[in-house]
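In what follows, a single structure is set out as C-alpha cells and then discussed.
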Amino acid sequence: MSANAVFHRRDWLRGFGGLLVAVALPAQRTSAGRPVKPNAYIHIGADDVVTFIIPKAEMGQGTITSLAMILADELDCDWKKVRTEFAPVDPASYGPMQGVFGSTSIRTMWNPLRKAGATAREMLTQAAAQRWNVDKAQIRTEKGFVVGPSPHMRLSYGALAEAAVQLPVPEGVPVKDRTQFTLIGTSAKRLDTRGKVSGATQFGIDAQVPGMAYAVLVRCPVFGGKVASFDAAKAKAVPGVKSVVQISNGVAVIADNTWAAMQGRRALDVKWDEGPHALLNSAAIRTKMIALSEQPGAVAKTEGNAAAAIASAAKKVEAIYEAPYLAHACMEPLNCTAVVRADGCEIWVSTQMQSGARQAAAKITGLKPEQVQVHSMFMGGGFGRRGGTDYVSEAVEIAKAAGVPVKLTWMREDDIQTGPFRPAAYVKFGGAVDAEGWPAAYMARVVCPSFFNRGANGVDGIAVEGVDTLEYRFPHFHVEHQRADGVIPTSFWRSVGYSQNTFFAECFLDELAATGNKDPLEVRRRLLTQSPRLLGVLNLAAEKANWGKTPAGRFQGIAVVNNIGSYTAEIAEVSVEKGNLRVHRVVCAVDCGQVVNPALVKQQIESGIVYGLTAALKGAITIEKGRVQQANFDTYEMLRIHEMPAIEVHIVASTQEPGGIGEASVPPIAPAVANAIFAATGKRIRSLPIRRADLV
C-alpha cells in the first residue's frame with residue numbers, strides 16, 4: 001500500500017482479513033469505563049505483514065520509524081515486515097488536535113502504542129493456546145511467531161490473525177519490562193529511506209489528481225493591504241493560463257502547469273490598496289518595543305524581591321537583548337491540492353496539523369468537517385510553519401472558485417515575504433551578584449508578541465518560556481511580559497519561545513558570572529543543584545568538550561536548556577581572527593529519557609544545531625515600507641557546508657519517560673556561540689544575527 005493512502009475506520013473493520021487492534025486513551029473512556037473509538041491501529045495480515053496506521057505526521061524527523069519501533073517491540077513482530085500508513089482525520093479516535101507540534105509524537109504515543117502492541121500479542125497468544133489446547137503460560141512469541149512447548153507448535157502471526165480477531169479484546173495487558181526490549185534503544189534503519197531515495201515517497205508537492213489545474217497566488221506585498229483592482233488580460237494571454245480569480249488573500253492565476261501560472265502572475269496587472277501600514281519599517285517596530293520595555297508588564301513569575309536586591313547590591317549589571325523576526329524557510333515549498341464537490345472536499349497536503357487542515361477546508365466550503373477528507377503527505381520540512389492552515393484555505397478557495405481540482409504552489413518568495421514569522425523580541429535585564437560574586441538577583445522584562453492573543457493575567461506563557469521557566473535557583477527572581485502585538489504575522493518557529501529566550505537568558509547569566517568574576521560552568525553548577533538531569537547534561541558536555549582546555553586561539557561558550565521534556569547542554573568552540581568568526585566544534589549532551597532510536601536522536605540533534613546556528617549567524621527578516629526586504633536564499637541566507645562545525649552528540653542513558661527531541665538542540669546553540677565570542681574577544685553579543693556584530 002502507498003505511504004499516503006487514506007482509509008476510513010469502517011473500511012478497516014470490514015475490509016481486511018486479519019487482526020485489527022485498537023487502544024483508547026484513558027481520558028477517552030466513558031463514565032462507565034467502556035472505551036470509545038480507538039486512537040491507534042494495528043493490522044496483521046495473512047501475509048504476516050504488520051501495518052501501523054499513524055495518526056501523526058512525518059516531516060523528516062523519523063516519526064514513522066520511531067513509532068513503529070515502539071509498536072513492533074511490544075508486539076514481538078518481524079521488523080522487516082512492518083509497514084506504515086497515515087491515518088485519516090478522526091477526532092473521536094485521535095483527539096481534537098491531530099497533528100505534530102511541540103515534539104510530542106513520541107511523548108504522546110509512547111504508552112498507547114506499547115499497550116496496543118502488548119494487547120495484540122496477548123490475543124495472538126490466546127488464539128494459539130486455544131488451537132493447541134495448552135496453557136498460555138507455556139507459550140512465547142518471537143519475531144512474528146507464536147511458539148509452543150513442542151517443536152511442531154510454531155505459527156506465524158498471519159496464520160493466527162483470523163482466530164485472534166474473534167476473541168474479546170483483553171484489558172489491562174501488562175507491557176514489557178524495559179529490560180525485555182529488543183528493538184527499542186537500537187538504531188534500526190529508517191522505514192522511509194528507501195522510498196525517499198528511489199523517489200517513490202509522495203510529498204505534498206507530488207500530489208496528482210485527474211483533471212488538475214495549477215495555481216499561484218499574488219498577495220499584497222504590504223502587511224494589511226488588499227487588492228484595489230486588477231486587469232487579467234495580459235495574464236490570460238500567456239500560453240497555458242486558463243483563468244484568473246480573486247480570493248480573500250489576493251488574485252490567483254490558474255494554468256495547465258505551475259510554470260505557466262508563474263508567468264501569468266508576472267504578467268498580471270494588479271493595483272493595491274496598501275492600507276495603513278505602507279510606511280512601517282523595522283526601526284519603528286523596534287522603537288515601539290523600546291517604549292514598552294520602559295513600562296511595567298504583566299508578572300510571569302516572581303520570587304523574593306529582585307528589585308530591592310539589585311538596588312542595594314554593590315555589583316550589578318543591566319543589559320538589553322534583542323532578536324529579529326525569522327522565516328521558517330522549509331525546503332519543500334508550501335503547497336496544497338484541493339478538490340471541492342457539492343457533497344465533499346478532498347485535500348492532499350503536507351501538514352503538521354491534519355485536524356486544522358480539515359477544519360480550514362470545512363470553513364471555506366461550508367461543509368461539515370466529516371465531509372472533508374485529508375490525505376496526509378510527507379513533508380519537506382515543517383519547523384512549525386506547516387502547523388498553519390493559510391495555504392490550505394487558499395487552495396480550497398481557489399478550487400471552489402475555479403470549479404476544478406487545483407494544486408496551489410507557493411514560491412520561495414511568497415513564503416519568506418508573507419510569513420508568519422518567529423516574532424521579534426526585546427528584553428530588558430537587570431541583575432546582581434552577592435559579596436562573594438555569586439548571582440543573587442535576576443530580573444527580565446520580555447517584550448514580545450503574544451502567540452495565542454491570550455494568557456493568564458496578561459502573560460503569554462510561550463512568549464516568556466525560557467526566561468521564566470529557568471531551573472536555576474536565584475534568591476531573587478522576577479520576570480514580566482509586555483505584549484508587542486502588531487500587524488506582522490507571527491507564529492510558532494522551531495522550539496518557539498525558547499528559540500530566542502534561551503539566547504537572552506543564557507547570555508545574561510554569563511554576564512552575571514563575569515560580574516562576579518566566576519567561571520560560567522561553575523555558576524551553572526551552583527545554580528542547578530536542585531535540577532539533577534540538567535546538571536547531569538551540563539557536566540557531561542563539559543567533560544566531553546574538555547572545558548577550559550582548548551587549542552591556542554580557540555575559545556568556549558556554554559548554554560543549557562530544559563524544553564519539550566528533554567535536557568540539553570551545548571558547548572561551542574570558536575575562533576575569531578581579524579573579525580572573522582569560525583565555529584569549529586559543538587559538543588552536545590542530551591537527556592531525553594528513554595531513547596527509542598539513538599541514530600534518529602543524533603540526527604535530530606545535528607539538525608537542530610544547524611537550524612539554530614543558521615538563524616544565530618545569519619537569520620533576519622527586516623521590514624521597509626511595509627514590505628519584507630528578504631526574498632529567497634540569496635537574501636535570506638542558509639549556512640553553507642564549509643561553515644558547518646563538527647558536532648559530537650552524547651546521549652544520557654535513561655529509563656525516564658521519553659521527552660521530545662526535534663526541538664531540543666535549537667535553543668542553546670546561539671548563546672553557546674555568543675558566550676564563546678565573549679571569551680575570545682571580550683565583546684558581548686546582545687543582538688542577533690551575529691553577522692551584524694563588529695568582532696574586530
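So, taking all protein chains as they sit and a 1.4 Å probe, how much accessible area belongs to Arg131, in Å² rounded to tens?
130
Could you compute Rg(Cα) / (2.2 N^0.38 Å) for the stretch 296-377, with N its residue count?
Ratio of Rg to 2.2 N^0.38 Å for the stretch 296-377: 2.11.
Report D for the stretch 537-580 in µm² per second (integer): Stokes-Einstein, Kirkwood Rh on Cα pairs, 20 °C, 1.002 mPa s.
184
Accessible area, 1.4 Å probe, largest first: how do Thr63, Thr182 sort?
Most to least solvent-accessible, the answer reads Thr182, Thr63.
Could you name the lysines in cross-link range of Lys368, using Cα to Cα under 24 Å and dropping any fewer than eight places away on the same chain?
Counting by Cα, and skipping residues close in sequence, Lys368 has these lysines nearby: Lys37, Lys56, Lys400, Lys407.
Excluding Val446 itself, what net charge comes from residues whose Cβ is under 12 Å from its Cβ, given Lys and Arg +1 and Asp and Glu -1?
-1
With all protein chains present, calculate the accessible area of Cys220 using a 1.4 Å probe and round the result to the nearest 10 Å².
Roughly 30 Å² of Cys220 is accessible to a 1.4 Å probe.
Pull up the cross-link candidates among the aspartates and glutamates for Lys315, meaning alpha carbon to alpha carbon under 16 Å and not fewer than 8 places away within one chain.
Hits, sequence-local ones excluded: Asp434, Glu436, Asp510, Glu511.
How much net charge surrounds Tyr426 when only other residues with a Cβ under 10 Å from its Cβ are counted (Lys, Arg +1; Asp, Glu -1)?
That works out to +3.
Quick test of the membrane-span-like rule: which DSSP H helices of the chain reach at least 15 Å along their long axis (C-alpha atoms) with mean Kyte hydropathy at least 0.0?
Counting only whole DSSP H runs, the qualifying helices are 63-75, 282-293, 390-402, 497-515, 532-545, 598-618, 666-681.
Taking only pairs that are 8 or more places apart or on different chains, how many Lys pairs in the stretch 105-249 have Cα atoms under 29 angstrom apart?
Close lysine pairs under the 29 Å cut-off: 13.
Return the aspartates and glutamates within reach of Lys428: Cα separation strictly under 13 angstrom, same-chain partners fewer than 8 residues apart disregarded; answer none if there are no such residues.
Of all the aspartates and glutamates, those that pass the test against Lys428 - Cα under 13 Å, at least 8 places apart if same chain - are Glu294, Glu318, Glu322, Glu480.
Cβ under 12 Å from Ile139's Cβ, Ile139 left aside: what net charge do those residues give with Lys, Arg +1 and Asp, Glu -1?
It works out to a net charge of +1.
Taking the dipole about the Cα centre of the chain, with the C-beta of Lys and Arg at +1 and of Asp and Glu at -1, give me whichever of Ser654, Ile139, Ala361 is farthest to the positive side.
Selected residue: Ala361.
Let me see the pair-distance distribution of the stretch 376-521: every alpha carbon pair, 5 Å bin width, integer percents in order.
2, 8, 15, 16, 14, 11, 10, 8, 6, 4, 3, 2, 1, 1, 0
Loop-only trypsin sites (Lys or Arg not before Pro) in the stretch 230-307, please: DSSP not H, G, I, E or B, and at most 14 other Cβ atoms within 10 Å.
Taking the stretch 230-307 and a limit of 14 other Cβ atoms within 10 Å, no loop trypsin sites (Lys or Arg not before Pro) are found.
State to the nearest 20 debye the size of the charge dipole of the stretch 371-506 about its Cα centre, where the only charges are +1 on K and R beta carbons and -1 on D and E beta carbons.
Here the size comes out at about 360 debye.
With charges only on Cβ, +1 for K and R and -1 for D and E, what is the dipole size of the stretch 183-269 about its Cα centre, in debye, rounded to 20?
Magnitude of the dipole: close to 200 debye.
Stokes-Einstein D for the stretch 51-146 at 25 °C, 0.890 mPa s, Kirkwood Rh over Cα pairs, in µm²/s?
168
For Kirkwood radius over Cα pairs in Å, the listed values are (1) 28.8; (2) 30.3; (3) 27.4; which was obtained by calculation from the structure presented?
Computed from the coordinates, Kirkwood radius over Cα pairs in Å corresponds to (3).
The values are calculated or read from the model by the stated rules, or taken from the named source; none is laboratory data. Bear in mind the structure is a predicted one, so any value in this text is a computation, not a measurement. Glycine also receives a Cβ, built like all others from the backbone with ideal geometry; neighbour counts cover every protein chain displayed. With ligands, DNA and RNA removed, areas are computed over all heavy atoms of the protein, side chains included. Shrake-Rupley method; radii C 1.70, N 1.55, O 1.52, S 1.80 Å.
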